Structures are given as structure tokens and as C-alpha cells.
Amino acid sequence: MSTTMLLHNAQNITYENLSRHSGEQLIDLRSDTVTCPTDEMYTAIVHAVLGDDGLDGDPTARELECVTAELLGKEAGVYLPSATMANLTAIMAQSNRQEIVLAHEDSHIFSAERGGAAITGAFYHGISGEAGAMDLMLLNAALLSNRSKLRTAIVCLESSHNSAGGTVLPLSYMKEVSDMTHRENALVHLDGARLFNAAASIGVPAVEIADYCDTVSVCLSKGLSAPMGAVLVGTKTTISKARELRRALGGNQRQVGIAAAAGLVAIQSMTERLKEDNATAALLSKELSGITPLKINVPQTNIVLIDISETGLNAIEWETLLRNKGVLARPWGNFSLRCVTHRHISPEDILKVVAVFASAMDS
Ligand SMILES: *Cc1c(COP(=O)(O)O)cnc(C)c1O
């Protein structure tokens, strides 16, 4: 079978077809990572100009790196297999062993990726705070202890904030963090896995958020719908270190333009539509809050947290119940569910989900 034929076959494996093949129409709210590539991405993949990214470079990956860096107002960018590796290389490129990395205690970097500490050799210190924002007094106190104790090298921000329910850090808050961090000669890294959801929420270009940060990681495979990959942007010096670290971590890939081509479409033409995901999340929240005794966050972006603590069932039981009715959600702790909206979720799907919740509460 020729390469084009294989790609053609791949093109028929749409998300909708997959659900159909499994015999039912599942409404998958587990994550925006379940989004499949768009037709435009498949076309870009077929026509991508390729090279060896571990040897003399892949032109499509290079273009993606330049476009992303320019979009976010930074000197350079590096394409990585995942946002997890982008965060890890950002920390390693800008800190030394035994220095401190400060992050919100519920941030992805501190909660899901802290195993990275075993690789970076840095101390990860978690700071508490409302709605995914580290408390500024606690953050400042931690930074000031620089003068007598171990040095803080990096302060990590996350916007939108995953586990806080997609909350967006206000620009005024980011400015304060940036000022106090730089005053102590530390750097600000933004885990911007969902940066463009945050930008859509507050109605500013993403560069206005990135401006307060020295490095920014963005994930291409969440709501932006690319099949894989992330980009880290920052100064030329930092990014060239990150590129070396990527090799050390086994993150160098070869004809990676296959994936970067989809990433280019993601970054150039998929950011605007994230408004729609934020709107479907708002609809879900509004409709579900009419069902007693559910308690729902008012989402700023595309993540809806459903507090089911007063329903008499725990999160695992709810997950099973919903799954049996064709709705997939994620347990988020014992008494909450997380629902994430994305390109494959329409307002009609939301109404079906609401009906499923309502009938579950009735029975
Ligand atoms: C998903 C996510 C990541 C990790 O992204 P991968 O590309 O899956 O490694 C990092 N940070 C945040 C905030 C995320 O939501």
C-alpha cells in the first residue's frame, strides 16, 4: 500500500467514526486531549516538507517553532513531544541542582509532574492559593528566603489552571508575580498548556499573557486538536539549552514535520475557535446548576467541575453511571467530576448530557 493510501485511510478514522464503530455515540468529556486532527491537518501532513530533526533539522518543525515564538513575542522556540517535556526542559534550562522551583500546590507541574524533580535535582515547593493563583504573601515570603537559604530559580504559573477548573490568572496578578520574581533574580515560567483558552476567556492576544513570563510552554494536542506535541518559547540562550536537554531526554525525533505540520495548523487556525469550547462549558455549567443537589463552578474556560458530594454517590459510581448512558467524565477527587468541552462537543451534546444527569438524579 502506498504512503498516500495509508494516509487516506487514516483520514477516514475520524473521532465520530471511532465512536460509531464502538456501537454507540459516546459523548467524551474526559479531556480536550481526545480531539482528533482536522481535515486541514491531514492535508498539511500529506504535504509537509520533511527533514531529519536530530541531524540538520526538519523545516516544518523549524517553521512551527518560529511561528509560535513570534506569536508569543519571544526570540526562539523548540518543538517537543509533550507539554510535560516542555515544562521539564524549561525548568532544567533555567535552574541548577539544589535550587528551588516554586509552583501552586495544585498546579500540573507540582502535582502531576513533580517526579521531574528526580531528574532536575531541584527542590519543588508548593504554594497554596485560591483559584489556581499562588497567595502573593506566601510567594513573596518564599522568594525572600532566597537571601538566606537555597536560591529560588523559577516561579511557575499555570493559566488556564487545570485542576482549579480552568481558571485564568488576571493580568494584574501576573504582573505582580513577574515583578516580585524578577526583583529576586528568579525567572517566571508559564505552563500555558491551555494558554489560548485563557486568552480567549479574557479577550486578549496570548502575547499579552506571555509578556509577563520568561518562558512559556503551549500544548498543541488539547483543544487545538493536533495529534501530539508542544512548543516551548523563550530567549535564544534558554531555547538552545532546552534543545540540548531535549536530546538528552530522548525527545529528539526525526521526520517530525509529520506532526509539526498539524501543529502549525493548530497554532495558526485553531486558537480562535476555543471561544466556542468556553461557551459550551458555560452552557453545561448553567444547565447543570439547575439540577439539585449538584454544585457547579462558573467556568472561565472549558473545564466544568461538578461537586456531587450531596448526591449519595461517589465519583467512581457517577463515572460508571454516566458511562452506561454514553457520557464519559473524569472522577476528580472522591466527590467531584471534571468535564472538559472541546471541538467534538456541540451545544446539542451538552443538552443530552444535562438530560442524562437529570434522569440519574430522578432515579
Ligand atoms: C495537559 C497538561 C500538561 C501536560 O501536557 P502533555 O502534552 O499531555 O504532556 C501540562 N500542564 C497542564 C496545565 C496541562 O493541563
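Among the numbered criteria (1) farther than 28 Å from Asn297 by Cβ; (2) away from the ligand (no atom under 14 Å from the Cβ), which single criterion is violated by Gly116?
(2)
Do any residues in the stretch 155-173 that are over 14 Å from Val298 (Cβ atoms) and touching a residue at least 40 places away in the same chain (Cβ under 8 Å) have Cβ atoms under 6 Å from those of residues that are within 9 Å of the ligand (Cβ to nearest atom) and of a type in the set (Val, Ile, Thr), where the two are at least six apart or on different chains, and which pairs are they?
Hits for this filter: Cys156/Ile109.
Are any residues in the stretch 118-138 exposed (fewer than 14 other Cβ atoms within 10 Å of the Cβ) and within 21 Å of the chain's Cα centre (by Cα), and if so, which ones?
Ser128, Glu130
Looking only at the stretch 77-93, count every residue that is in contact with a Ser or Thr (Cβ under 7 Å, 6 or more places away or on another chain) and surrounded by fewer than 24 Cβ atoms within 10 Å (Cβ to Cβ) and tell me the total.
Total satisfying the criteria: 1.
Test Leu171 against the stated conditions and say whether it is among the aliphatic types (A, V, I, L, M), more than 16 Å from the ligand (Cβ to nearest atom) and under 16 Å from Gln94 (Cβ atoms).
The answer is no for Leu171.
What are the residues in the stretch 154-190 that are assigned to a loop (DSSP other than H, G, I, E, B) and under 13 Å from Leu144 (Cα atoms), if any?
Within the stretch 154-190, the first condition is being assigned to a loop (DSSP other than H, G, I, E, B), and the residues that meet it are 159-160, 162-166, 168-170, 184-186.
Hits for the stretch 154-190 are Glu184, Asn185, Ala186.
Give Val265, Val231 a once-over and let me know the one that is in contact with a strand residue (DSSP E or B) (Cβ under 6 Å, 6 or more places away or on another chain), among the hydrophobic types (A, V, I, L, M, F, W, C) and either modelled with pLDDT of 95 or more or under 17 Å from Ala69 (Cβ atoms) (or both). Lay out the reasoning, then the answer.
Numbers: Val265 fails: in contact with a strand residue (DSSP E or B) (Cβ under 6 Å, 6 or more places away or on another chain).
The conditions single out Val231.
Looking at (1) charged (D, E, K, R); (2) more than 19 Å from Glu113 (Cβ to Cβ); (3) within 16 Å of the ligand (Cβ to nearest atom), can you tell me which one Arg183 breaks?
Condition (3) is where Arg183 drops out.
Does the stretch 91-103 include one or more residues that are in a helix (DSSP H, G or I) and within 11 Å of the ligand (Cβ to nearest atom)? Give the steps one after another, and end with the answer.
Pass one, the stretch 91-103, residues in a helix (DSSP H, G or I): 91-93.
Filter again for within 11 Å of the ligand (Cβ to nearest atom), leaving none.
Looking for residues that are in a helix (DSSP H, G or I) and within 11 Å of the ligand (Cβ to nearest atom), one finds none in the stretch 91-103, hence no.
For Thr4, only one of the following conditions fails: (1) more than 16 Å from the ligand (Cβ to nearest atom); (2) modelled with pLDDT of 95 or more; (3) hydroxyl-bearing (Ser, Thr, Tyr). What is its number?
Here Thr4 meets the rest and fails (2).
For every residue, the table says whether it meets (1) out of contact with any helix residue (DSSP H, G or I) (no Cβ under 6 Å at 6 or more places or on another chain); (2) under 16 Å from Ile109 (Cβ atoms).
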position: Leu169; (1), (2): yes, yes
position: Arg183; (1), (2): yes, no
position: Val204; (1), (2): yes, no
position: Glu208; (1), (2): yes, no
position: Asp214; (1), (2): yes, yes
position: Ser217; (1), (2): no, yes
position: Leu220; (1), (2): no, no
position: Gly223; (1), (2): no, no
position: Arg254; (1), (2): yes, no
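I need the full set of residues from the stretch 311-333 which are exposed (fewer than 15 other Cβ atoms within 10 Å of the Cβ) and under 23 Å from the mean Cα position of the chain (by Cα), in order please.
Arg330, Gly333
Looking only at the stretch 205-219, filter to residues that are in contact with a Lys or Arg (Cβ under 8 Å, 6 or more places away or on another chain) and either farther than 11 Å from Leu232 by Cα or of a type in the set (Asp, Glu) (or both); which one of those is surrounded by the fewest Cβ atoms within 10 Å (Cβ to Cβ)?
Tyr212
Quick one: Gly132 ticks every box in (1) more than 11 Å from the ligand (Cβ to nearest atom); (2) closer than 24 Å to Lys175 by Cβ; (3) of a type outside the set (D, E, K, R) bar one, so which box is it?
Among (1) more than 11 Å from the ligand (Cβ to nearest atom); (2) closer than 24 Å to Lys175 by Cβ; (3) of a type outside the set (D, E, K, R), Gly132 violates only (1).
Restricted to the stretch 139-153, and to residues that are crowded, with 16+ Cβ neighbours inside 10 Å and part of a helix (DSSP H, G or I), which residue is farthest from the ligand (Cβ to nearest atom)?
Asn146
Between a residue in the stretch 63-85 that is within 14 Å of the ligand (Cβ to nearest atom) and any residue that is in a strand (DSSP E or B) and of a type in the set (S, T, N, Q), which pairs come within a Cβ distance under 6 Å, given they are 6 or more apart or on different chains?
Ala83/Ser217
For Thr43, work out the one condition from (1) at pLDDT below 95; (2) closer than 20 Å to Pro227 by Cβ it doesn't fulfil.
Condition (1) is where Thr43 drops out.
Those residues that are loosely packed, with under 14 Cβ neighbours inside 10 Å and assigned to a loop (DSSP other than H, G, I, E, B), I need them from the stretch 55-67; list them, please.
Correct list: Leu55, Asp56.
The values are calculated or read from the model by the stated rules, or taken from the named source; none is laboratory data. Worth saying up front: this structure is predicted, and the values here are computed from it rather than measured. Heads up, the Cβs are rebuilt from the backbone with ideal geometry, glycines too, and the neighbour counts pull from every protein chain shown.
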